[in-house]
Amino acid sequence: MIDITRDIQSLTTFRRRSGDFMKQLKKSKRPVVLTVKGKAAAIVQDAGAYQRLLDIAARADAREGIRQGLEQSRRGQGRDAEEFFAEFETAHGISD
């Protein structure tokens, strides 16, 4: 969650106090929104917090793929795995 009193700063302030911001990012694990002329321009985040965000997104993508596959199966869509692999091997010149 962003704390608007601490986590939205001008790019100029960030440049002047980058060391302080790096400590804050590491401690709080919250991103900082940097503004230019009062408008959001960039977000700076601790590397570890960003990696966690990437991991969460990857898991969400996998879950969505599984959900879609199950829904297609319920609707009777899809192909038998043996049929798919036989076609794939033929198309790519793979033989046993």
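The values are calculated or read from the model by the stated rules, or taken from the named source; none is laboratory data. Computed from a predicted model, the values in this text were never measured in an experiment. All Cβ positions, glycine included, derive from the backbone under ideal geometry; neighbour counts span all protein chains shown. Note: areas computed on protein heavy atoms with side chains; ligands, DNA, RNA excluded. Shrake-Rupley method; radii C 1.70, N 1.55, O 1.52, S 1.80 Å.
With respect to A62, is the statement that it is among the hydrophobic types (A, V, I, L, M, F, W, C) and surrounded by fewer than 12 Cβ atoms within 10 Å (Cβ to Cβ) true? Working first, answer last.
Working: among the hydrophobic types (A, V, I, L, M, F, W, C): yes; surrounded by fewer than 12 Cβ atoms within 10 Å (Cβ to Cβ): yes.
Judged against the criteria, A62 is a match.
Considering every residue within segment 26-41, establish whether at least one is within 14 Å of I2 (Cα to Cα), of a type in the set (G, A, S) and not in a helix (DSSP H, G or I).
Within segment 26-41, one or more residues are within 14 Å of I2 (Cα to Cα), of a type in the set (G, A, S) and not in a helix (DSSP H, G or I).
Could you count how many residues in segment 39-59 are exposed (fewer than 11 other Cβ atoms within 10 Å of the Cβ) and either among the aliphatic types (A, V, I, L, M) or in contact with a strand residue (DSSP E or B) (Cβ under 8 Å, 6 or more places away or on another chain) (or both)?
6
Search segment 55-79 for residues that are at pLDDT below 90 and pair each with any residue that is open to solvent by less than 100 Å² (accessible area, probe 1.4 Å) when their beta-carbon atoms are under 7 Å apart and the residues are at least 6 apart or on different chains.
Short answer, once both residue conditions are applied: G78/Q72.
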